[in-house]
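Inspection log for the structure reproduced underneath, given as structure tokens.
Here, each number is a calculation from the coordinates, and none is a lab measurement. None of the values given here were measured: they were computed from a predicted structure. No Cβ is skipped: glycine too gets one built from the backbone with ideal geometry, and neighbour counts run over all protein chains shown.
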Amino acid sequence: MTSPASQPDLARELLERATNGDPEAFAAIVARFERPVHALVHRLLGGDADAARDVTQDVFLKAWRNLARYDLDRPFAPWFLKLAANLALNAREARRLRRTFSLDAPIGDDSRAPEGPADPVARPAHERASEEELRAAVRQGVAELDAKYAMPVVLFYLEGLSVKEIAQRLDVPEGTVKIRLHRAREALKERLGKFQ
Amino acid sequence: MKPHEDPAGKPPRDSTVTGDCDRVMARVQELCDARSEERPADPHLAECESCRVAAEAVLELHRLMMTEPYPDPAPGLADGIVATVRTDARRTARRARAVLVLVPAAAIAVAVGLTLSGIDLLGGGRELVGDALDLARVAKEGVADWPGLEALPRALPAAPSLPSLGIGLGPLVVAPYAAVAAAVLFVAQVAWLRSQRRTAGRVA
């Protein structure tokens, strides 16, 4: 698994050139962060590949246009991934609102949802879910978690950060991260329990 | 607990849950947080089925999430982003050139044009200010001792106050200096743009 946390931060010289508007320096940043940013966004959007691609593109373009606001004395990865998470969560919220208030689709319509069953609870109880179906249910469950629970889950499981690193990244105490992870697992377990 | 609920409001506690149950589940969460492969070995698990089921469910969920495949981006995503960024950079550079080069160049052109048309801005401005100061003094102290008395009927109706003269004539006095400053700025910006182009060439 490629995680920006497991790699050293970008060279200051590269960041300086990018903040001065050098597109080639920014291309190096794109190459380095394309996978982790896409993965983070993908997970926060519940595995919706189309939306993840659009939001990932948006993240990089927003970063490019707002690099002047980045403080070169601070590590780049947390700043950038926070921007990515915020945009993904905004997109998720917008999608939820669109679905809720859509005049074309009935409430609960999930036509843009990722792969996986639309309503796991509706499955016959005797039918045991396959591994892939369980994974889809977990992905969908993560995408429906409140942002403050979804972020630690994604950072812990996807980026492979430790509880301590997540606490630093989110600027909250370690205990808070543990509690959020615990409660997120409980919520996901409940969802999975209904599915199995 | 529903995912969207704030779990600050805890669900009602099951009356059958004991301190042992809490201890076992806390241990399961600890193992997950530490990414440990160890299984919880607590005698309570052998006697409490609900704890056993709950612990298994959490560990299964943990396994699923730990082994979740890393989602790779669609091919061409990075290329598309970089192409957009390059276009954006070119547009920004064009705008910067327009602002940094064309504006001072236009100022110089105006100054040169005025000079060639015979308007001596520097001398004329000084003269105008001097006349205006004379007029203001006359308006204040009277005309008895003023040497330019014969010119008064022409000048007096137009005699303005000092501040309005300053505002009106100031730019005329400043214009030649601004033109010189614009020229210096122009040369500096051309040099800067050339150095930027050299840097971009080195990176490419």
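Work through the residues other than residue A:84 whose Cβ is under 14 Å from its Cβ and net out their charges, Lys, Arg +1 and Asp, Glu -1. Walk me through the numbers on the way to the answer.
Working: positive: A:32, A:35, A:43, A:53, A:62, A:82, A:92, A:169; negative: A:34, A:54, A:58, A:159.
Net of charged neighbours comes to +4.
With each label point set 7 Å from Cα along the Cα-Cβ vector, what nm distance links residue B:86 and residue A:72?
About 2.6 nm separates the two model spin labels.
Once phi is turned into θ = phi - 60°, what whole-Hz ³J(HN,Hα) does the Karplus curve with 6.51, -1.76 and 1.60 give for every residue of region A:19-25, x standing for Gly and Pro?
5, 7, x, 7, x, 6, 5
Can you pick out the pairs among A:148/A:189; A:62/A:178; A:62/A:164 whose Cα atoms lie more than 24 Å from each other? It would help to have the intermediate numbers written out before the result.
Working: A:148/A:189 17 Å; A:62/A:178 32 Å; A:62/A:164 29 Å.
Over 24 Å apart, Cα to Cα: A:62/A:178; A:62/A:164.
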